[in-house]
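Heads up: the structure comes next, in structure tokens.
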Amino acid sequence: MSSVNRKVLPGFSLTLGYSMFYMSMLVLIPVAATFARGASIGWNEFFKTVWSERARSAYAVTFGTSFVAALINVFLGLLIAWVLVRYKFPMKRIFDSLIDVPLALPTSVAGLVYSTLYVESGWLGQYLVPMGIQLVYTRLGIILVLTFIGLPFIVRTVQPVLEDMDPDAEEAAGCLGATRWQTFRHVILPTLYPSLLTGFSLGFARGLGEYGSVVFVSGNLPHKTEIAAVLIVARLEEYAYGEATAIAIVLLVFSFSMLIVINTLESWSKRHHA
Amino acid sequence: MPNVRRAHEDPAWVRGLLIAAAAGVIGILVVVPVVFVFVEALKPGLSVYWNNLFGDPDTWHSIKLTLTVAPVAVVANVIFGIAAAWLIARFRFPGRTVLTTLIDLPFSVSPVVAGLMLVLIFGLSGYLGPALQEDGYRYAPHVVSFAGALLTFVLLSMFRPSRSRKSIVWKLLRPAAAGAAFIVLFGLQVHYEVWPHGESLKIIFATPGLILATAFVTFPFVARELIPIMEAIGDDEDLAAVSLGANGLQMFWRVTLPNIKWGLLYGVILCNARAMGEFGAVYVVSGHVAGQTDTMPLRVEKLFQEYNLPGAFAVASLLTLLALVTLVLKAGLEKKALPKASAKEAG
């Protein structure tokens, strides 16, 4: 079809030209400019900024909280996808739509709400804070909002795989005397691994870059609850563009690797699925 | 038979337990926060709520600014999305996979980093900053004329009759007309002195920067929705239109667009929700001048910092309403946008 299309259908060079032009202007040139700026800092300076004490703890907080949140979401996402696909219950459609709220809700609103819900005088904080669970201005709070932000990613990757799953294998396992748990553990779960891993990476990648919601709940204390994105903004506000760029490049390199990992995982799970 | 049935059905107590657990998770993570926004916003009473939204000139300005920035960014990304989807779904060419991956790139870049990129280019100490500060409109005629030439070229390509693809006249006409458009537009702008001299053009800490940052962050939405839909629909109808003698515009307007319209709307709605709610990227380029460069999400943060919680929640309630409307439309469109595509895929 390919070679025929290019001769018959209009617009190949036009759309190729325009897509490349627009993408270069908006995406590729800014990315290149950032790396060029980073290269002009000089290796020593770059390394000093990137590996400073404050930066290191910012990476640790960013990666740690994103990782834990994505991990929590693997379990929550599997649970919700399972319930949505396998069971019938009233108001299921509304329930299904609610999964997407974190995608549609502006992150600053999420941050605002979570930071006021869990303070000592808040709706939920009044019960949690006396129990010693402090969710605002702590890493726990960052994990909480990142869990909220990342939830749809895993549900929406696992759900279609569960929907398409053939009941034959389960029935065979049942006929051969497996208990329900054994069937789940040895028949259903292995087919879900690729999609769970993809969902995990999507949520993790999203968490790494998240700024809007975290800035409200974390309190942004250097060395404690400061994430990398907040550190970049702090540097920018001090007009330390070089330092901000250096840390941004670390994040960028990591995002690109995540993008490649996610793409590989997606094609793997597609093959696995087929 | 009953035995086989039981093999993929869970016992009632497991079902009940799991449904309750899932409902609990969604309740605490999603429902309580959404309800909380409206309760907090309306707590001081309706008139105070109204006053918080429309009585405060800075808040009112932020609403207007969001309603300016988001549509521009969405329209730009719709044009790109249609072009990219047509390119990727209809043609095979070297670098196609790379292009598809690159479209997703803005999704994985932290919004803050996206904003920083723009500051590094257009900011005062950025690559173009000093030139823009000194004489910001120097290249405005060039840019406008180039856009005009591009538009001429595109329109001519779309009106080109499908039978004349090999004709030498059409091959020469397009570049010639585009060149003429460039020269005429350039001459007109210079002659009538449309652009001021020696004045600075602000991109960062001004509306153009907000638009660029928003467009960057929402860049993949429309293309990502359209590519699978166009692939699923297939190229039969487009090919039929062209072979029956339709030119590019006729084919697009009467065949391609009607086929993808619901999918396109779906993409636009998601893109718009993100554009209006974007915080990180916009935060970096806005400079937070209340009443000038604060969009609604930024206004929420500023009111929160000023301990004006009712005000913050009032603005947040509007944004939440937008999110809920988006979800309702999305749920309605999913049936329309996707079954057609999936039916064709199966067939």
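The values are calculated or read from the model by the stated rules, or taken from the named source; none is laboratory data. This one's a predicted model, so the numbers in the text were calculated from it and none came from an experiment. Reconstructed Cβ throughout: ideal geometry from the backbone, glycine too, with neighbour counts over all protein chains shown. Remember, those area values only see protein heavy atoms, side chains included, never the ligands or the DNA or RNA. Shrake-Rupley method; radii C 1.70, N 1.55, O 1.52, S 1.80 Å.
Before moving on, here are some points about what is shown:
- Between residue A:224 and any residue 5 or more places off or on another chain, the built amide H atoms are never under 5 Å apart.
- In nm, spacing of pseudo-spin labels at residue A:40 and residue B:38 (7 Å Cα→C-beta vector): 5.2
- Most to least accessible of B:288, B:142 (protein chains only, probe 1.4 Å): B:142, B:288
- Per-residue [θ]222 nm for chain B (sum of -39500 (n - 2.57) over DSSP H runs n ≥ 4, rounded to 500): -24500 deg cm²/dmol
- Relative contact order computed over chain B (Cα-Cα under 8 Å; 6+ residues apart), in percent: 29
- Stokes-Einstein diffusion for the range A:52-99, with the hydrodynamic radius set to the Kirkwood value over Cα pairs and evaluated at 25 °C in a medium of 0.890 mPa s, equals 188 µm²/s.
- Going by accessible surface with a 1.4 Å probe and the largest first, B:199, B:225, B:193, A:226 read B:193, B:199, B:225, A:226.
- All other residues whose Cβ lies under 14 angstrom from that of residue B:218 are scored, Lys and Arg at +1 and Asp and Glu at -1, for a net of -1.
- Accessible area (Å², 1.4 Å probe, nearest 10) - residue A:12: 40
- The equivalent ellipsoid that matches the C-alpha gyration tensor of the protein assembly as shown spans semi-axes of 41, 35, 23 angstrom, in descending order.
- Cα gyration tensor category, rounded, prolate or oblate, for the range B:192-347 with a/c compared to 1.5: oblate
- Gyration tensor verdict on chain A (Cα atoms; rounded if a/c is under 1.5, prolate if a/b is larger than b/c, oblate otherwise): oblate
- Placing a label point 7 Å from the Cα of residue B:139 along the Cα-to-Cβ direction, the residues of the range B:105-119 with a backbone N closer than 16 Å are B:118-119.
- Listed by number, the DSSP H helices of chain B that run 30 Å or longer by alpha-carbon position along their axis and have mean Kyte hydropathy of at least 1.0 are B:57-90, B:168-191.
- Residue A:7-residue B:199 FRET efficiency (beta carbon distance; Förster radius 41 Å; 0.05 resolution): 0.25
- Note on residue B:325 and residue B:176: with the Förster distance fixed at 51 Å, the Cβ-Cβ geometry gives a FRET efficiency of about 0.60.
- Whichever lysines have a C-alpha closer than 24 Å to that of residue A:270, once near sequence neighbours (fewer than 8 apart) are set aside: B:335, B:340, B:344
- Taking 24 Å as the straight-line reach from the Cα of residue B:202, the lysines in range (excluding those fewer than 8 positions away in the same chain) are B:64, B:302.
- Potential lengthening between residue B:147 and residue B:244 on full extension [0.36 nm per residue; Cα-Cα distance subtracted]: 31.7 nm
- Gyration tensor (alpha-carbon) shape descriptor, chain B, a/c threshold 1.5: oblate
- Annotation: residue A:49 carries an accessible surface of approximately 20 Å², with a 1.4 Å probe and no ligand, DNA or RNA atoms counted.
- FRET efficiency for residue A:184 and residue B:31, using Cβ-Cβ distance with R0 set to 30 Å, rounded to 0.05: 0.60
- Largest to smallest accessible area among B:13, B:195 [probe 1.4 Å]: B:13, B:195
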